[in-house]
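Since every read-out is calculated from the coordinates, none of them should be taken as a lab result. On a predicted model such as this, the values are computed, not experimentally measured, just so you know. In this analysis, Cβ positions are derived from the backbone assuming ideal geometry, glycine residues included, and neighbour counts consider all displayed protein chains.
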Amino acid sequence: MYCLYVLTVVSMKMFVRNRQAMFFTLFFPLLFLLIFGYMNFDAPLRLHIGLVTHHPDAPTDRFLGQIRSMDVFRIHQGALKDELSALGAGNRAAVLDVPDDLLTPAGRSDPKTLTAYTNAAEPTASQAVLSILDQLVDKTSLAAAHARSLFVIQPKSVSVHQTRYIEFLLPGVIAMAVMQMSVFSVAHVFAIYKEKGILKRLMATPMRPIQFVSANIITRLIIAMVQTFLFLWIGLRMFHTHVAGAYWLLTVCVILGSVIFLGLGFTISAVSKTNESVPVIANLVVMPMLFLGNVFFSASNMPAILAGVAKYLPLTFFADALRAVMTEGAGVWSIVRQLVGMTVWSVAMVGLATVTFRFQERQNA
Amino acid sequence: MAAIEVSHLTKRFGALTAVDDISFAVQSGETFGVLGPNGAGKTTTLEMIEGLTPPTAGQIHVEGIDVRKNPAAVKAIIGVQLQASSFFDKLTVAELIVTFAALYNRRVNVDRMLADVQLTEKAGNTAKELSGGQRQRLSIAAALVNDPKVLFLDEPTTGLDPQARRNLWELIQQIKQSGKTVVLTTHYMEEAEILCDRIAIMDHARIIALDSPAGLLAASGIGSRIEFKASGSVQENTFGQLAGVVGLERNNGSFCAITSDSQATLDALFALARGGAVKLEELAVRRATLEDVFLKLTGHQLRE
């Protein structure tokens with residue numbers, strides 16, 4: 001027991017002192033979280049409008065006030081020349097050139113003209129602006145004519161919990177971070193230990209290989225938990241995410257996920273002929289999973305064959321399980337498919353690692 | 001009881017026979033050297049005794065324990081320094097000692113262990129930051145954490161500068177004085193001669209001689225080496241055929257005749273010189289070394 005304790009402590013020290021490992025374990029996933037998190041893919045649509053006015057009279061100014069008060073518009077005020085060049089650069093959905101006396105007393109036969117410049121390359125945005133303006137013109141005209149609306153629309157919104165992108169991203173980043181850490185740290189470190197003869201030196205003591213392997217696994221399970229809760233905390237503090245489900249279930253998922261990828265790490269270190277080939281093989285296995293594993297976006301929109309493969313990847317089970325627990329508050333029964341998937345994968349990977357991984361090279365005696 | 005008993009030990013790697021039916025015994029408290037060129041089978045022999053490599057055939061007992069039947073019990077009472085001594089990069093010297101002790105489920109006085117190998121000031125450094133000699137001393141400290149009965153050192157001084165080598169010799173002599181049995185391999189004859197009570201000379205997977213350094217010299221029948229520089233019309237291998245000469249080394253006009261009868265060889269050499277066939281310079285007569293014994297036994301030099 002003392003042996004296992006000391007080995008775990010030193011393997012933890014070695015991990016923490018390894019800057020490269022720390023970078024890929026914490027900093028790299030954090031970077032993904034911050035960049036994609038702050039990109040804010042689900043911010044409400046805003047139309048940038050250039051407003052060109054000079055000295056509007058009082059009625060016109062009231063009309064302009066109505067335009068300014070619309071949430072959907074983001075107003076930029078400026079000279080016509082500047083605003084048109086902004087439109088040309090694609091920074092405006094439309095530029096409105098408003099005459100000072102747009103709204104003249106009723107009864108005048110010839111209405112004044114508000115010129116709306118739009119970007120022909122962006123028909124959707126142009127259409128949106130024009131139809132909003134049309135409504136505004138109708139409303140203003142009706143008001144001027146003192147006419148009553150024929151009917152009113154009463155909006156009644158039903159609150160539906162809309163999943164924000166960050167809520168999709170956070171569990172994905174946690175799954176990715178745990179996978180990267182488990183695969184790379186084990187594969188790399190054990191390949192080095194073997195190549196430098198450290199494992200052989202350890203074998204010259206009464207220590208059993210299982211003790212050394214266990215210490216390294218315990219260390220990485222602890223680090224996986226640190227990763228998970230650190231990223232959860234960052235999500236909580238910076239992006240106001242929350243964990244709807246049970247923490248213990250999250251912990252179970254993280255442990256199952258780590259075990260799969262630790263098994264993969266040991267297998268990769270076993271099949272790599274040299275220390276240099278470790279990152280090559282590891283990336284070959286890990287990279288496709290990053291794109292297909294429901295980390296940054298759902299694989300369900302992909303071509304059927306890819307989506308079909310993606311469904312059974314260990315990272316997909318892992319990310320989906322975390323996501324369901326965190327955002328939907330899923331219990332064991334709602335994620336039973338993922339749990340079974342992860343269990344099957346972990347049995348398979350641990351089995352593969354046991355078959356391939358050797359403390360010492362096999363010698364033909 | 002012998003500390004180590006090896007009988008009919010053989011190791012084959014496929015078609016290659018690395019160790020070919022060797023037998024020997026190492027007495028308790030003895031420092032035993034296994035000497036031979038690279039590839040002679042020294043390391044394989046040691047690793048089989050240490051329980052790291054399973055033998056193809058033969059028996060090994062360490063302190064009466066059968067290594068093949070109970071390797072863990074043997075590993076608990078031996079200390080091992082492997083040829084390529086590398087350690088975990090990210091741990092300090094002190095942490096490495098604690099770790100190695102833990103592998104034996106032991107707690108040790110790290111300060112004393114480091115003082116014994118003169119690494120006290122390096123306690124906070126990583127193994128990477130040590131010089132070659134310091135690293136070997138660390139490696140020996142790591143091999144001593146379990147207070148072993150038998151210590152194995154595989155080429156402890158290979159690659160070290162002469163000063164570091166001498167320091168290490170002193171350390172090994174201290175360990176020897178503490179009563180431990182030491183088994184070391186080397187391809188430096190001088191080292192074997194200084195450190196070892198008995199030496200097994202290995203060449204091509206077999207032990208070709210086993211005796212004390214003095215015994216080996218006496219048995220070889222060679223007494224001394226005659227070193228000289230010579231120029232002249234005489235064919236070089238003439239020197240090899242002089243009376244008493246059993247071996248000849250040559251190097252750019254310098255010669256070293258290994259002789260079993262220095263008197264006869266010198267007479268013959270002077271006869272050549274008096275006849276005017278050669279001009280002799282820088283003549284020196286020295287006691288023969290194990291290096292010369294090896295040359296005589298195998299017909300080739302220990303290091304090429």
What is the packing order of peptides B:92-98, B:233-239, taking the mean over residues of other C-beta atoms within 10 Å and listing the highest first? B:92-98, B:233-239
Dimensionless Rg/Rh of region A:47-144, both radii on Cα and Rh by Kirkwood, sits at 0.96
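State which stretch of chain A is the longest one without any exposed chymotrypsin sites (Phe, Trp or Tyr not before Pro), exposure meaning a DSSP loop state and at most 14 other Cβ atoms within 10 Å.
A:152-311
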Where the Cα atoms of region B:223-287 are projected onto their three principal axes, how long is each span, largest first, in whole Å? 28, 22, 19
Around B:Arg198: net Lys/Arg minus Asp/Glu count, Cβ-Cβ under 9 Å: -3
When a/c reaches 1.5 or more, the comparison of a/b and b/c decides; with that in mind, is region A:202-281 rounded, prolate or oblate per its Cα gyration tensor? prolate
Tail fraction, Cα-Cα pairs, the protein assembly as shown, threshold 49 Å, whole percent: 45
Just in region A:1-62: which trypsin sites (Lys or Arg not before Pro) are loop by DSSP and have at most 12 other Cβ atoms within 10 Å? A:Arg46
At R0 = 30 Å, how high is the FRET efficiency between B:Gln83 and B:Asn125 if r is their beta carbon distance? Nearest 0.05 is fine. 0.85
What Rg and what Dmax come out for chain A when only alpha-carbon atoms are used, in angstroms? 30.4, 109
Averaged over its residues, how many other protein chain Cβ atoms are within 10 Å of peptide B:80-87's Cβ atoms? 4
For residues of B:5-13, the mean tally of beta carbons on other chains within 10 Å: 1
For A:Ala128 and A:Leu306 in the same chain, what is the full-extension length gain: residue separation times 0.36 nm, less their Cα-Cα distance, in nm? 60.5 nm
Based on other C-beta atoms within 10 Å, arrange B:Ile175, B:Ile49 from fewest to most. B:Ile175, B:Ile49
Heads up, region B:151-302 by the C-alpha gyration tensor (a ≥ b ≥ c square roots of eigenvalues; a/c under 1.5 rounded, else a/b over b/c prolate, else oblate) looks prolate
CD proxy at 222 nm, helix term only [per DSSP H run n ≥ 4: -39500 (n - 2.57); per residue of the protein assembly as shown; nearest 500]: -15500 deg cm²/dmol
Once you average over the residues of B:73-79, how many Cβ atoms of partner chains fall within 10 Å of each Cβ? 2
For region B:12-161, what log10 I(q)/I(0) values come out of the Debye formula at q = 0.09, 0.19 1/Å, with one point per alpha carbon and no solvent? -0.32, -1.21
In region A:240-362, how does Rg compare with the Kirkwood Rh, expressed as the Rg/Rh ratio over alpha carbon atoms? 1.03
Whether region B:169-238 is rounded, prolate or oblate, judged on the alpha carbon gyration tensor where a/c under 1.5 counts as rounded: prolate
So what is log10(I(q)/I(0)) for chain B at q = 0.09, 0.10, 0.12, 0.13 1/Å, when the Debye sum runs over its Cα atoms only? -0.53, -0.64, -0.84, -0.93
Looking only at GluC sites (Glu not before Pro) in DSSP loops with at most 14 other Cβ atoms within 10 Å, what is the longest site-free stretch of chain A? A:1-275
Report for region A:47-144 the percent antiparallel among DSSP-assigned beta bridges with both residues inside it, nearest 5. 30
